[in-house]
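Before any comments, here is the structure.
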Amino acid sequence: MAARIVAMRLPSYPAGAHSSGTVVLSAVIGADGLVKSVEPLSGPKELQGAAMGAVREWRYDPVVLDGEFVEVTTTISVVFAPGQPSRYVQQGMTLPRTGAAADPQLKADILHLIEVMRLKEAQADFGRDLMDSLRPSILSSLPPGADAEKIVQDMQERLVAALQSDEAMDRIIAVYARYLSDEDVRGIAAFYETPAGQRLNAVSTRMEDDLSQTGREFALENMPGILRSLCQKYPELRGNSDFCPTGSSEKKGQLIPPASPEGASRPKISGN
């Protein structure tokens, strides 16, 4: 929703106020992109009025779901500090339930697809990978004397449990229902129940990594030739662009972007 804001003003610190902190608001954005209502969820009461008054004036690009403009709910946090400009953080949006998402048969079929694709196991793997990437920063933030490994392990177990919870599955179901018909879901499930489907599901994450690396390597192999041909086709680039130097001073290193550092990781995506 933050990317959909087209007009906004941040609230000023209220005259006579003495507190600082974060005001959390729940806002309903109408199908026309106007803010229909705003309610405070938490934060200093003397700051809530200023935050609500500003947010009521915000304007959004309307959200389209299943070909129709829909009303959505979003949570906005406005941070106040005396003598400093306010700032805000917006935590996503809640889409309305559509007829497809509410269809019991579709929900049952999506749950079956989740089972045959082993998405709960994928969610657990995602949680463990995320914790592995965060472990150094978490350990460094813990106070001396804390049982660091026990705390991190407990955190990981709680995260994995959350990612596999009914609430998490409901969100996955809503996404599938938004893009796939019941016939689509049944067809995909039927494929994943075959030996070939199970094999694809087992290797898909590694395949994605390999395909990404293969695509990058092939692109970098071809980029020097592409840039040289552009230099020949567009004379105005010669001497005026880093990848089109004049004379014989051309350096191959100037023709391609630098590769990612060795060992750099790419974002992990939950599911397959």
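Looking across segment 194-239 at every residue that is surrounded by 13 or more Cβ atoms within 10 Å (Cβ to Cβ) and in contact with a Cys (Cβ under 9 Å, 6 or more places away or on another chain), the one that is farthest from residue 126 (Cα to Cα) is identified as 238.
Report yes if residue 229 is in contact (Cβ under 8 Å) with a residue 60 or more places away in the chain and hydroxyl-bearing (Ser, Thr, Tyr), otherwise no.
In short, no.
The residue that is farthest from residue 86 (Cα to Cα), counting only those in segment 11-39 that are crowded, with 16+ Cβ neighbours inside 10 Å and in contact with a helix residue (DSSP H, G or I) (Cβ under 7 Å, 6 or more places away or on another chain), is 35. Taking the stated definitions as given, is residue 193 charged (D, E, K, R), modelled with pLDDT of 90 or more and more than 28 Å from the chain's Cα centre (by Cα)? Yes, satisfied.
Taking the options 51, 27, 15, name whichever one is more than 12 Å from residue 76 (Cβ to Cβ) and not acidic (Asp, Glu). Don't jump to the end; show me each part of the working.
On the way: 51 fails: more than 12 Å from residue 76 (Cβ to Cβ); 27 fails: more than 12 Å from residue 76 (Cβ to Cβ).
Sole residue among the options that is more than 12 Å from residue 76 (Cβ to Cβ) and not acidic (Asp, Glu): 15.
Just one of the numbered conditions (1) more than 24 Å from residue 65 (Cβ to Cβ); (2) assigned to a helix (DSSP H, G or I) is not true of residue 144: (2). Taking the criterion of being in contact with a helix residue (DSSP H, G or I) (Cβ under 6 Å, 6 or more places away or on another chain), surrounded by 12 or more Cβ atoms within 10 Å (Cβ to Cβ) and under 25 Å from residue 111 (Cα atoms), would at least one residue in segment 146-155 satisfy it? Within segment 146-155, none of the residues are in contact with a helix residue (DSSP H, G or I) (Cβ under 6 Å, 6 or more places away or on another chain), surrounded by 12 or more Cβ atoms within 10 Å (Cβ to Cβ) and under 25 Å from residue 111 (Cα atoms).
The values are calculated or read from the model by the stated rules, or taken from the named source; none is laboratory data. Small disclaimer: the values here were computed from a predicted structure and weren't measured. Note: ideal-geometry Cβ built from the backbone for every residue, glycine included; neighbour counts use all protein chains shown.
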